[in-house]
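J.: Take a look at this one; I'll ask things after.
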Amino acid sequence: MTLQAIKYSNGDLAIIDQLQLPHVERYVKIHNSEEGWHAIKDMRVRGAPAIAIVAALALASELHHLTTHNQLSPNAEDVQVFVTEKLRYLVSSRPTAVNLSDAARKLETVVAESARAPSATGKAVAGAFIQAAEEMLVKDVEDNKRIGENGAGWILTNALGKHAKATVLTHCNTGSLATSGYGTALGVIRSLASTGSLQHAYCTETRPYNQGSRLTAFELVHDSLPATLITDSMAAALLASRRAGVNAIVVGADRVAANGDTANKIGTYGLAVLAKYHGVKFLVAAPLTTIDVKTKSGDQIVIEERLASEVTSIRGPREGNDGEGVELVTVCTAAKGINVWNPAFDVTPAALIDGIITEKGVVEKDSDGVFHLEELF
Ligand code: MRU
């Protein structure tokens, strides 16, 4: 059975609570945009495509409820204003991933067009929004499957060297939990596995939030893929190891600038530097919704900074307490009073990236070392 992070049907939205994974598999319902905003801000749902889709569906659920309870304004313009304000609020939850603002901009256009139609009603505008939000959920999975195939094909052609199968290192969580399903970088690993071409997958722990050890490891175990967890500080030793034989590092992205500079989970940049030193291919897997041609280069990307407590503490069940009714506890791991810097993302320069895997194909640099991402649109 495939893992489903987002469940949605007819205005009923539920997400798997990623704060409790992998210890507890519990879905929480999201009824409106306020609950959606908090779920994103608190990281109950995370991952660039997933937060965009949950934001859109949270507002779709709210509009569904207002419509069925006759609480929606009959006036098309009123509903357009309502939706626009809610979308701006949702976008304020997390700044770095462009998917959220990209989805909001597309949905604003949908409601504006619907409100302009002759004899438009509030209900019709809400209906147009709901339909567009639901379509985003479906399209994301289709795009991820293509990303998976394109990335797997590229690795098999360009990165194997003398190996018959691919060994891939990934960072953070880019799988079913970070998207509508299947995943981007993890989708590439899934696709390699589906054709018998995966030798081994390595995932980093991804401190401070442990998306790798909690979420990617959970997905790899769920799918019974051959995989090993390492701490972030072991990556250099892994790449140096002939026995491990890593062929490629594949990561996701929160925002790819027009020149290919890529914001992704903190630690990605370090992995790209290591890949260059060790002659290992470094690939970014991202749907077109993550490519932001309006942002010219990485220095224009706003990097979210998060709470110090994510660095100074760690959360999990007490040892041995992993059955029914598991209780999660937070343990402090740092000296009290120490200053903390906690950027959630870093920017990997395009110069360190060998290819950007999209649903339309893998983009490589030209002979002058320049990506032409605008040609994808
Ligand atoms: O802070 P997070 O967990 O939302 O960060 C997630 C990442 O950095 C992912 O690599 C990225 O969003 C791509 S998910 C397909």
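The values are calculated or read from the model by the stated rules, or taken from the named source; none is laboratory data. Every value quoted in this text rests on a predicted model; they were computed, and no experiment measured them. Here the Cβ positions follow ideal geometry from the backbone for every residue, glycine too, while neighbour counts run over all protein chains shown.
J.: Looking for whichever is among the hydrophobic types (A, V, I, L, M, F, W, C) and not in a helix (DSSP H, G or I) here; the options are VAL168, VAL188. Which one fits?
T.: Step by step, each of VAL168, VAL188 is checked, and only VAL168 is among the hydrophobic types (A, V, I, L, M, F, W, C) and not in a helix (DSSP H, G or I).
J.: Can you pull out the residues in the range 1-38 that are basic (Lys, Arg), within 18 Å of LEU215 (Cα to Cα) and in a strand (DSSP E or B)?
T.: LYS7
J.: Might you check whether a residue that is touching a Leu at 6+ places or on another chain (Cβ under 8 Å), more than 16 Å from the ligand (Cβ to nearest atom) and not charged (D, E, K, R) occurs anywhere in the range 205-221?
T.: So far as the range 205-221 goes, no, none of its residues is touching a Leu at 6+ places or on another chain (Cβ under 8 Å), more than 16 Å from the ligand (Cβ to nearest atom) and not charged (D, E, K, R).
J.: Is it fair to say VAL311 is touching an Asp or Glu at 6+ places or on another chain (Cβ under 9 Å) and either closer than 21 Å to GLN18 by Cα or modelled with pLDDT of 95 or more (or both)?
T.: Against the criterion (touching an Asp or Glu at 6+ places or on another chain (Cβ under 9 Å) and either closer than 21 Å to GLN18 by Cα or modelled with pLDDT of 95 or more (or both)), VAL311 does not qualify.
J.: Which is modelled with pLDDT of 95 or more and surrounded by fewer than 24 Cβ atoms within 10 Å (Cβ to Cβ), of HIS64, HIS23?
T.: HIS64
J.: Something else about it: So for the range 229-239 (the condition being within 16 Å of the ligand (Cβ to nearest atom) and crowded, with 16+ Cβ neighbours inside 10 Å), does at least one residue qualify?
T.: yes
J.: Here are the criteria: (1) acidic (Asp, Glu); (2) touching a residue at least 24 places away in the same chain (Cβ under 8 Å); (3) farther than 27 Å from PHE371 by Cα. Tell me which single one ASP254 does not satisfy.
T.: (3)
J.: For residues in the range 1-16 being more than 15 Å from the chain's Cα centre (by Cα) and without any contact (Cβ under 8 Å) to a residue 40 or more places away in the chain, which is farthest from the ligand (Cβ to nearest atom)?
T.: Once the filter is applied, the top-ranked residue is SER9.
J.: Condition first: among the hydroxyl-bearing types (Ser, Thr, Tyr) and closer than 23 Å to VAL98 by Cα. Can you find one or more residues in the range 346-367 that meet it?
T.: Checked the range 346-367: at least one residue is among the hydroxyl-bearing types (Ser, Thr, Tyr) and closer than 23 Å to VAL98 by Cα.
J.: A further question on this structure: Which one is farthest from the ligand (Cβ to nearest atom), of the residues in the range 165-181 that are modelled with pLDDT of 95 or more and surrounded by fewer than 24 Cβ atoms within 10 Å (Cβ to Cβ)?
T.: My answer is LYS165.
Every residue, every condition in (1) at pLDDT 95 or above; (2) under 19 Å from SER101 (Cβ atoms); (3) in contact with a strand residue (DSSP E or B) (Cβ under 7 Å, 6 or more places away or on another chain), yes or no:
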{"site": "ASP17", "(1), (2), (3)": "yes, no, yes"}
{"site": "ALA52", "(1), (2), (3)": "yes, yes, no"}
{"site": "ALA55", "(1), (2), (3)": "yes, yes, no"}
{"site": "ALA58", "(1), (2), (3)": "yes, yes, yes"}
{"site": "GLN80", "(1), (2), (3)": "yes, yes, no"}
{"site": "LYS86", "(1), (2), (3)": "yes, yes, no"}
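J.: Please tell me if ASP299 is of a type in the set (Asp, Glu), at pLDDT 95 or above and under 30 Å from GLU149 (Cβ atoms).
T.: No, not satisfied.
J.: Can you tell which of GLU374, GLU310, GLU305, GLU359 is in contact (Cβ under 8 Å) with a residue 12 or more places away in the chain and touching a Lys or Arg at 6+ places or on another chain (Cβ under 6 Å)?
T.: GLU359
J.: Restricting attention to the range 306-332, report how many residues are closer than 30 Å to VAL250 by Cα and exposed (fewer than 14 other Cβ atoms within 10 Å of the Cβ).
T.: So the count comes out to 1.
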